[in-house]
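See below for the structure under consideration.
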Amino acid sequence: MSATNENNTQTASLDSTQSAKLQQQQKSALQIKLLKGVLYRSKNRDLWQYLERDQYQVREYFSQLGLSLTLDDAEGYAFLKQVDFDRETEVLELPRLITRRHLSFNQTLLLVALRKRLAEHDSEESSPRLIVTRAEMHQWLSPYFSEVSNQIKQQREFDALIKKISEMQFIKPLINHSDDFEVLRIIKAFISAEQIIEFNQHLQTLALNHSEQGEAS
């Protein structure tokens with residue numbers, strides 16, 4: 001073998017090794033990202049391309065861990081869900097890798113309001129981003145809380161609720177604009193149109209019961 005051919009072979013082997021190493025790094029980065037939370041196409045285009053290219057292998061890997069991959073290409077997000085096995089046929093109870101979210105009534109109230117606003121935005125605006133203000137969220141919440149003399153205390157309660165929803169990664173404060181928030185589209189995967197209707201009916205029932213109690217007293 002000539003020196004030139006030998007050099008070409010070594011170069012090809014090196015390129016192949018580097019390519020395999022890069023793919024492994026991408027695979028590991030994607031797995032870690034999904035285990036930590038939501039993957040957004042707009043923020044992680046390289047990882048998203050890897051996910052689209054090797055989606056079957058990714059699903060297969062996580063299925064072995066008892067996790068299922070939810071991918072919405074139209075909205076540009078992907079996340080993991082814990083598979084709920086049949087308790088009667090489950091031989092061994094698996095530890096949870098994904099934390100189950102338990103929403104309070106007030107958290108659900110704000111999420112439904114944000115989800116409704118996102119639906120309105122999608123039907124009216126061309127921009128994919130929905131920005132809401134802290135004052136708007138206060139306004140949405142106020143009708144469902146009793147009137148209080150200490151408005152500052154109530155505003156702090158609303159702010160604590162907004163902070164919690166932000167920590168859950170349903171909204172994100174804008175850089176240098178702490179009173180403005182982007183509504184993250186992952187909210188559509190957790191609050192459906194049917195759930196909005198059901199929750200509104202629940203609110204109407206509560207309002208009716210409250211009104212009847214007021215008349216009785």
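The values are calculated or read from the model by the stated rules, or taken from the named source; none is laboratory data. On a predicted model such as this, the values are computed, not experimentally measured, just so you know. As a convention, Cβ positions derive from the backbone with ideal geometry for all residues, glycine included, and neighbour counts pool all protein chains shown.
I need the full set of residues from the range 66-93 which are at pLDDT below 85 and of a type in the set (A, V, I, L, M, F, W, C), in order please. Result: V83, F85, V91, L92. Here K172, K116 are screened, and the one residue that is within 27 Å of E75 (Cα to Cα), basic (K, R) and free of Cβ contacts under 8 Å to residues at least 60 places away in the same chain is K172. What residue, among those in the range 40-57 that are surrounded by 16 or more Cβ atoms within 10 Å (Cβ to Cβ) and more than 19 Å from the chain's Cα centre (by Cα), is farthest from P128 (Cα to Cα)? The qualifying residue farthest from P128 (Cα to Cα) is D54.
When you check F181 against the structure, is it modelled with pLDDT under 90 and in contact with a Ser or Thr (Cβ under 8 Å, 6 or more places away or on another chain), yes or no? No; evaluated as a whole, the condition is false for this residue.
Of the residues making up the range 138-174, just one is over 19 Å from the mean Cα position of the chain (by Cα), within 24 Å of K188 (Cβ to Cβ) and among the aliphatic types (A, V, I, L, M), namely L141. Go over the candidates K188, K163 one by one and state the one that is at pLDDT 95 or above, closer than 30 Å to A74 by Cα and not β-branched (V, I, T). Result: K163 is the single residue among K188, K163 that is at pLDDT 95 or above, closer than 30 Å to A74 by Cα and not β-branched (V, I, T).
Assess whether Q49 counts as being at pLDDT below 90 and either more than 25 Å from F190 (Cβ to Cβ) or part of a loop (DSSP other than H, G, I, E, B) (or both). Answer is no for this residue.
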